Each structure stands twice: as structure tokens, then as C-alpha cells.
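> Before anything else, here's the structure in question.
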Amino acid sequence: LAHNLINGEDPFIVSEDVVNLISKYLEDVKKKAYSFSVKTNKIIVVNYEDKLKDVLKLMGDNKYSYLPIVDKDMKVVGIVSSDAIIDIFNKKEILNVSKEDKLNKYISYFDLSNTSNGFYLFINKETDVYELEEMIERYQFTSHKCNIILISDNGNKSGRLLGLLTPWDILKNS
């Protein structure tokens, strides 16, 4: 540290622990943590031809609240959420719901623009974790809660799905 001496002596002495802590912090800042490096390793996806009962089993077996619905090119076309499933079963008499139904019968419940069940954020694999935390914080105090972060090859819904994160994954790895 550069500073002026007082009476020919250092006005303070920095301990080795503080120097090590600052050095570690600087190293962490140099190494950018990309969101792609903390993504969920196993991506489970469904498509609109899957049966409701199979999707419910996948969600239950894996303890997932959200599953991306993808097309043949792995582009996200919807999100199955536990909230949307509850909405469907709450309207059972109106919709004549059967577990044998395919997801395509309930497209409006899973549409990406349907924010009643939360907000879905698309990012590219180069988005760093700190930038992602800031994005999530922007929505924290709004009516939109970010439930799932989808990593695509171009950073938006027209891209191929590469991975996914939840805000919890970000907290665990920061």
C-alpha cells in the first residue's frame, strides 16, 4: 500500500490475513463465473405430445416444479409448472381433465407469455453469474417472480435449449 509515513512509521499495518483475503477476492473477480458452468446437469424436457400423467410422474420423481416444453429442435415452446397443473385440475369440471390427456390440450396454461405462474428468463451461455444476479434482482420486487432461467444458444426463446437454472442454483453457487 502506498501512503505517507507519520513520524517516519507506517500509520497502520495490514495483516497477512487481510492481504490473503484481498488476494483471494481479486482472483475471484478475475475468474468470471458463467451461468452455464452452474447450470443443472441433467435437463429433463417434455413436449406437447406427452401425456399429463407422464409429466406429473417426471415432476414428482425429480421434485421439479417446472419443466420446459420443447419442440423437435430443442427450442422452448412452453413451461409446465406445478401452479399451471393445479389451475388445470381446479377447473376439472369445465375442462374435463384426464391424466391421459396430452399437454397440447392445455397449451394456454403452459404458454411462455402466461406470466400468471411466474416469469421465465432466457440468457445465453456467456452470461456471467453476477450479471444474472442483477437481472433477477431487478424483478425481485415486482409482480413478476423469476422462477426458471433458460440457457439457450442465442439467449432467447428462439434458440436451442442448452441448460436451465433456478434462482436457488445461483444462490448455491455464488
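Bear in mind these aren't lab numbers, they're just calculated from the coordinates by the rules spelled out. Note that the coordinates shown come from a computational prediction; the quantities given were computed from them, not determined experimentally.
> Please compare each pair in K42/K125; K57/K157; K42/K72; K63/K125; K72/K157 to a cut-off of 23 Å on the Cα-Cα distance and tell me which ones are over it. Intermediate values should be presented prior to the final figure.
On the way: K42/K125 16 Å; K57/K157 26 Å; K42/K72 18 Å; K63/K125 25 Å; K72/K157 14 Å.
Cα-Cα > 23 Å for K57/K157; K63/K125; rest within.
> Taking a ≥ b ≥ c as the square roots of the eigenvalues of the Cα gyration tensor of the range 40-81, is the shape rounded (a/c under 1.5), prolate (a/b larger than b/c) or oblate?
oblate
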